[in-house]
Amino acid sequence: MVEQRDTASQAELVTENLQASSAAAKFEVFGQTQEAINGRAAMLGFVAAVVAELQTGQSVWSQLAGKYVEGDLKEHALGLSSLGFGAIVALLTYASIAPQFQAGTLQPDSRSFGPFTPFLEAWTGRVAMLGFSGLLLVELIKGNNPVF
């Protein structure tokens, strides 16, 4: 009788641990969800950075922090660009995580539409991350001058 209670309590403990680990898995550092969120943010950020550079003639760095030459401010930052960027990242994060909480799955949205598949989204996100990082690096090397 004591063994049966011990076995039952162990089974309950294992079930609780599995539920806790599945809830924590949504917030792991290097998971598919995080890659999807970062990829979506990079795709949107890269397009927004290129469009803003073409419209304003300012580099991404100067749009966010202004351009300083020898301690003098030469170009002002674009108003609320930092706040807007933060809001977009927060909305993308919520939009990517909320369906998972509702559906109870650990995977990012896996719907396909025509040529748009989760595999293609992951690779496009990776390329956008590299593109955005490259854009920032080239602008830094060029002395805070726009690429486009």
Single unsatisfied condition, F101 versus (1) assigned to a helix (DSSP H, G or I); (2) modelled with pLDDT under 80; (3) within 18 Å of F30 (Cα to Cα); (4) not hydroxyl-bearing (S, T, Y): (3)
What residue, among those in the stretch 45-81 that are in contact with a helix residue (DSSP H, G or I) (Cβ under 9 Å, 6 or more places away or on another chain), in a loop (DSSP other than H, G, I, E, B) and not aliphatic (A, V, I, L, M), is surrounded by the most Cβ atoms within 10 Å (Cβ to Cβ)? S59
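The values are calculated or read from the model by the stated rules, or taken from the named source; none is laboratory data. Model, not experiment: these values are computed from the prediction. In this analysis, Cβ positions are derived from the backbone assuming ideal geometry, glycine residues included, and neighbour counts consider all displayed protein chains.
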